[in-house]
1. So, with +1 on the Cβ of K and R and -1 on the Cβ of D and E, and no other charges, what is the size of the charge dipole of region 323-447 about its Cα centre, to the nearest 20 debye?
2. Obtain the nm distance between the two label points defined at residue 302 and residue 362 by a simple spin-label model: each point lies 7 Å from its Cα along the Cα-to-C-beta direction.
3. With angles folded into 0 to 90 degrees, how steeply does helix 496-513 sit against the dominant principal axis of the chain? Use alpha carbons for both and round to 10.
4. Report, to the nearest 10°, how far helix 67-81 tilts away from the longest principal axis of the Cα atoms in the chain, using its own Cα long axis and a range of 0 to 90°.
5. With runs of 4+ DSSP H residues as the only contributors, calculate the mean residue ellipticity of the chain at 222 nm using -39,500 (n - 2.57) per run, divided by the residue total and rounded to the nearest 500.
6. Taking the Cα centre of the chain as the origin, how large is its charge dipole in debye, to the nearest 20, when only Lys and Arg (+1) and Asp and Glu (-1) carry charge on their Cβ atoms?
7. Farthest toward the dipole's positive end in the chain, which of 263, 139, 359, given Cβ charges of +1 (Lys, Arg) and -1 (Asp, Glu) about the Cα centre?
8. First select every other residue whose beta carbon is under 12 angstrom from the beta carbon of residue 163; then total the charges, Lys and Arg +1, Asp and Glu -1.
Amino acid sequence: MLHRPSYHSAMAWPLHSAAATRTLERQALQGLPKFALMQRAGAGIAQLARAIAPHAERAWVAVGPGNNGGDGLEAAVRLHEMGLAVSVSLAGVPASFPPDAAAAWARACQAGVTIVSPADAPTLASHDLAIDALLGLGGTRPPAGVLATLIGVLNRQPCAVLAVDLPSGLNADTGQPTGECAVDASHTLSLLTLKPGLFTASGRDASGEVWFDDLAVDGASAAPRAVLSPSPQGGPGRSHAQHKGSFGDVAVVGGAPGMTGAALLAARAAHAAGAGRIYVDLLDTDAPSLDPTRPELMFRRHWWRDSGTALKHTTVVAGCGGGEAVRDALPRLLSAATRLVLDADALNALSTDTSLQALLIARRGRGLETVLTPHPLEAARLLKLSTHDVQADRLTAAQWLADRFGAVVVLKGSGSVIARPDGLPCLNPTGNAALATAGTGDVLAGWIGGAWSSSPSAHGLRTAARAASAGFDAACASTWWHGHAADLTASTPLRANDLIEQMHALQRNVAGSR
C-alpha cells in the first residue's frame, strides 16, 4: 500500500538503515513465493507513476544491474500493460543479474517492452515520465561509467522523475551523495522501509516528494535508526484560572557588544512560544535596558549571579550573541540552572574549555536537563572534527554529541537532527533555505526555552518519566514549528523577527481551532 509520509502526520514514522532494511528483506523473502516481493514493488511503482503522470503516454526506465533494476523492469511491464509506450535502458548484462531481476528481465522481453542501449538514451523531449531504477539501496560506491551517464540523462529530463527506493547515487543512511553525481528526482518511492537519507542533508533535495510502500511486509521486527518527527498536536490549552506564573520564566543571557540583537531575538521568541515572564541579561552593559518592539521584556543585569532559587525555577537560554563575555556566566549556569539551552557562543566556549565540559557532563547525573543547539561548525568544534565529517553523517554526529555530553542535541541544517542520550533520534521534516539568514538560530534557541518553560511537565504536572523528556519534546516541537513557518512563507530569506511572528501566528491558529 502506498503512503505519503507528510510532515503534517501525527505519526512518528520509523526510519531504517540500509543494513536493517536488507535484514528485513531477507526475512520477508523466506516466507514468500518466488519473485513475489519484486512483483509487489513493480506494481507499487507503476501505480505511483500513473498517479504522478496520469496523462503520460511514453515512459523511460533506466535499469541497473541489481534488484533495484528488477523492480524497475517489473514496473515497466505493468506500465506497458497499461498501454504506455515504455522503453528501457539497461546498465548491465542480464546474464549476471540476480535471480529475481533476471526473471523480471525475461518477463519484460516476453511482454514486448522496448529495450534500448544506454548510448541511445532518450532525448530530452521524448518522454512524459522517467523512472530511476539504477542503484537504489545497493548503491554504495560512486556511480561511474554507464551508470553515471544515465544519471546525467535522468537529471536532464524535463518530465517527472520517479526514483525507486532512493535516488541513485544517494547514501541511504546519511543523505549524502556517494560520489560526484546523484539523481535529482521529483518523486521517490521508498520500498519496504523509509530510509533516513531521504530526510536529511542532500537527500531532501534529491528525493523530491517521498512516498512509501511497505510491500505488505510487517517491519515491526526491524529496529529503526531514527524516527521522523511528527507534527506537534498542541497542548491542553490555557484555563481561565491560570496566570503568567503558570507558564514559567525564561532568562536569556547573551548579547555582547555589537550582538545585542541576537539576545533580543531569543527573548522575543521565548515570549511568543508561551513563557510567562522573560528576563534579558545583556552582556553589553552599555546597551539600553528596553526593547522598544517588546517592552514587556524585563532586563536584569548579571541575573545569573542571583540566588540558586531563581536558577532552579527558570529556563535559561545562554549564548545568543554572547561572544567571549558569556564564558564567565557558564560555570554558574551549568552548575545551578535546572533547564538550560546552550547556543552559539556558549557552545564555542564549551568546545575549548574542558572544565566547562565536565560541568555539562555532570548535569545529567544530577537530574538537570540541557539542550544544545549547534549548527554543523559548532558541532564540529565540540567533537574535534571537521564540518565535512559532521555533514557526512549527521545522525551519527548528533548522537555522538548527545551521548558524550548527556544532553539533548539539535543539530541544525537540512533535516535537523534532534538526538538524546536515552532514545531514538528524530529527523525534522520541515524547513528550507529561507532560514539561511542571520538570527534564525537565535529564534530557535529562544523558542525552545519558551516552549520548555511553559510545558506542563516543567511544572510537575506530568509524571516523572514524562518530565524527563520535556526538553526533548520542546526541542522536537520547536524545530518543527521553526521549519514549518519557513515552509509557509513566500519570503526568501525569512528575516528572523518575521519568523517569530510567523511562528506565533501559526500557534495562535492551532489554539483557535481547538
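The values are calculated or read from the model by the stated rules, or taken from the named source; none is laboratory data. Owing to the predicted nature of the structure, the values given are computational and were not obtained by experimental measurement. Cβ placement follows ideal geometry from the backbone for every residue including glycine, while neighbour counts extend to all protein chains displayed. When the accessible area is computed, the model is the full protein with side chains, heavy atoms only, and any ligands, DNA or RNA have been set aside. Shrake-Rupley method; radii C 1.70, N 1.55, O 1.52, S 1.80 Å.
1. Charge dipole, region 323-447, about its Cα centre: 300 debye, nearest 20.
2. 2.3 nm
3. With rounding to tens, the tilt is 80 degrees.
4. Tilt relative to the chain: about 60 degrees.
5. The helix-only estimate for the chain comes to -12000 deg cm²/dmol at 222 nm.
6. 1280 debye
7. Toward the positive end, the furthest listed residue is 359.
8. -4
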